[in-house]
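Worksheet: the structure to be examined is printed underneath.
The values are calculated or read from the model by the stated rules, or taken from the named source; none is laboratory data. Small disclaimer: the values here were computed from a predicted structure and weren't measured. Quick reminder, even Gly has a Cβ in these numbers, built from the backbone with ideal geometry, and neighbours come from all protein chains shown. Please note that ligands, DNA and RNA were not included when accessible areas were found on the heavy atoms of the full protein model with its side chains. Shrake-Rupley method; radii C 1.70, N 1.55, O 1.52, S 1.80 Å.
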Amino acid sequence: FSFRKLWAFTGPGFLMSIAYLDPGNIESDLQSGAVAGFKLLWVLMLATIIGLLLQRLAARLGVVTGLHLAEVCNRQYQKVPRIILWLMVELAIIGSDMQEVIGSAIAINLLSVGKIPLWGGVLITIADTFVFLFLDKYGLRKLEAFFGFLITIMALTFGYEYITVKPDQKKLLQGLFIPYCQDCGTPQLEQAVGIVGAVIMPHNMYLHSALVKSRQVNRANKREVQEANKYFFIESCIALFVSFIINIFVVTVFAEAFFEKTNADVNAVCVNTSSPHSALFPNNNETLEVDIYKGGVVLGCYFGPAALYIWAIGILAAGQSSTMTGTYSGQFVMEGFLNLRWSRFARVLLTRSIAITPTLLVAIFQDVEHLTGMNDFLNVLMSLQLPFALIPVLTFTSLPSVMNDFANGL
């Protein structure tokens, strides 16, 4: 084992792990904490472990074959299934992009104390296109470092919330290692399914299988391929462990502070702190329902304005980082399935326009409630798209004709 070699292979796994920290994930985390307390942490852990195994298979496919998943699909499938598969993956990418736009718009609205409306935040995210293209010109290694910086911001901001709230450590460990959900009903079950859909992103397997190609590996040398697989797996473990810890921060903060709270409880606290957002919570005894926007507001009411702004910075970092990996995914999928060689600028502009248009319409004509409701719908969409990534990954990595001596034998 060599730390120098691990450093050389470090990068693709952290870019891939951004999908485990996008705004859709953060919203799923805070809702599961508020609805089920600590009871669904084991679902989050199992989903992350399953995600790691699938990412390992995707990375192995890229290392062994020198082709990413979309390129292998193009070679192995007939025209009709290939086009259907491409359309489903594009749908997942556009849905993910919409979540990132929604998260960024809400974060910008919170940071500006409502001075920048939601539709203004949606328009600002168009600039992500140009930021991405600007950074990409300076090389992949610098881009990977920038992603590392954004992940660090998320760890610090959500870690601050965790230290401020001080969740019960005993309940945290019970939630992680005892697979139970006492007194759970339909809302808790919905959150459990939502966690899986939010954590395991279908297009992320296409992305990871392509990112590993950025490292030079002599595929004629079996030992070199084994070594590359080993270091990519170690890096993926580290990256997903970091993302898992950040997700735990969010779940436990809302489980400790807001589980079984009513609207009246929150309304009273917000009124006492003279929060301008107290009208968000009607003075009734219904159970509190939170989303990315309300989550920041209630943190501000209970733990001071600093908690609200730090929360918004974390959401903004999540939205900005995941929007760039979504751009990469779209590039690899389009090139692989269709053999298209569009300029990156044209392709990013097209997919971003498709994602922004419905989000912008909702932001202009509706309120933040409908925007976050769209986020919940998109999490369901992600889980429905999962088979269109799982079946190709599991099929091709088990075929000796594709993987040679590295077929997994399942």
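Select from region 38-91 the residues that are in a helix (DSSP H, G or I) and aromatic (Phe, Trp, Tyr) and write down the one among them that is least open to solvent (accessible area, probe 1.4 Å). Explain how you work it out, then say what you get.
Kept after step one, since they are in a helix (DSSP H, G or I), are these residues of region 38-91: 41-65, 69-76, 79-91.
From what's left, aromatic (Phe, Trp, Tyr): 42, 86.
On the way: Trp42: 64, Trp86: 49 Å².
The residue in question is Trp86.
Go through region 268-291 and report how many residues are within 25 Å of Asp168 (Cβ to Cβ) and either of a type in the set (A, V, I, L, M, F, W, C) or open to solvent by less than 60 Å² (accessible area, probe 1.4 Å) (or both).
So the answer is 7.
Might you let me know whether region 374-393 holds any residue that is more than 17 Å from the chain's Cα centre (by Cα), modelled with pLDDT of 75 or more and among the small types (Gly, Ala, Ser)?
No, region 374-393 contains no residue that is more than 17 Å from the chain's Cα centre (by Cα), modelled with pLDDT of 75 or more and among the small types (Gly, Ala, Ser).
Residues that are open to solvent by 10 Å² or more (accessible area, probe 1.4 Å) and over 30 Å from Ala268 (Cα atoms): does region 292-311 have at least one?
no
Can you go through Thr357, Thr273 and tell me which one is within 30 Å of Val80 (Cα to Cα), at pLDDT below 85 and of a type in the set (S, T, N, Q)? Outline the logic, then answer.
Details: Thr273 fails: within 30 Å of Val80 (Cα to Cα).
Result: Thr357 is the single residue among Thr357, Thr273 that is within 30 Å of Val80 (Cα to Cα), at pLDDT below 85 and of a type in the set (S, T, N, Q).
For region 197-216, enumerate the residues that are of a type in the set (Ser, Thr, Tyr) and either in contact with a Cys (Cβ under 7 Å, 6 or more places away or on another chain) or crowded, with 23+ Cβ neighbours inside 10 Å (or both). So that I can check it myself, show each step before the final result.
If we filter region 197-216 for residues that are of a type in the set (Ser, Thr, Tyr), which is where we start, we get 206, 209, 214.
Passing the criteria: Tyr206, Ser209.
Which residues, taken from region 307-360, are within 14 Å of the chain's Cα centre (by Cα), aliphatic (A, V, I, L, M) and more than 14 Å from Ile106 (Cβ to Cβ)?
Within region 307-360, Met324 is the sole residue that qualifies.
Regarding Leu340, is this residue under 15 Å from Gly95 (Cα atoms) and modelled with pLDDT of 70 or more?
Details: under 15 Å from Gly95 (Cα atoms): no; modelled with pLDDT of 70 or more: yes.
So Leu340 does not fit the description; no.
Hey, can you tell me all the residues within region 125-181 that are modelled with pLDDT of 85 or more, open to solvent by 60 Å² or more (accessible area, probe 1.4 Å), part of a helix (DSSP H, G or I) and not aliphatic (A, V, I, L, M)?
Once the filter is applied, which keeps residues that are modelled with pLDDT of 85 or more, open to solvent by 60 Å² or more (accessible area, probe 1.4 Å), part of a helix (DSSP H, G or I) and not aliphatic (A, V, I, L, M), region 125-181 yields Phe149, Thr152, Tyr160, Gln169, Lys170, Lys171, Gln174, Phe177.
This table checks each residue for (1) modelled with pLDDT of 85 or more; (2) among the small types (Gly, Ala, Ser); (3) closer than 24 Å to Gly159 by Cβ.
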{"residue": "Val266", "(1), (2), (3)": "yes, no, yes"}
{"residue": "Ala279", "(1), (2), (3)": "no, yes, no"}
{"residue": "Glu286", "(1), (2), (3)": "no, no, no"}
{"residue": "Glu289", "(1), (2), (3)": "no, no, no"}
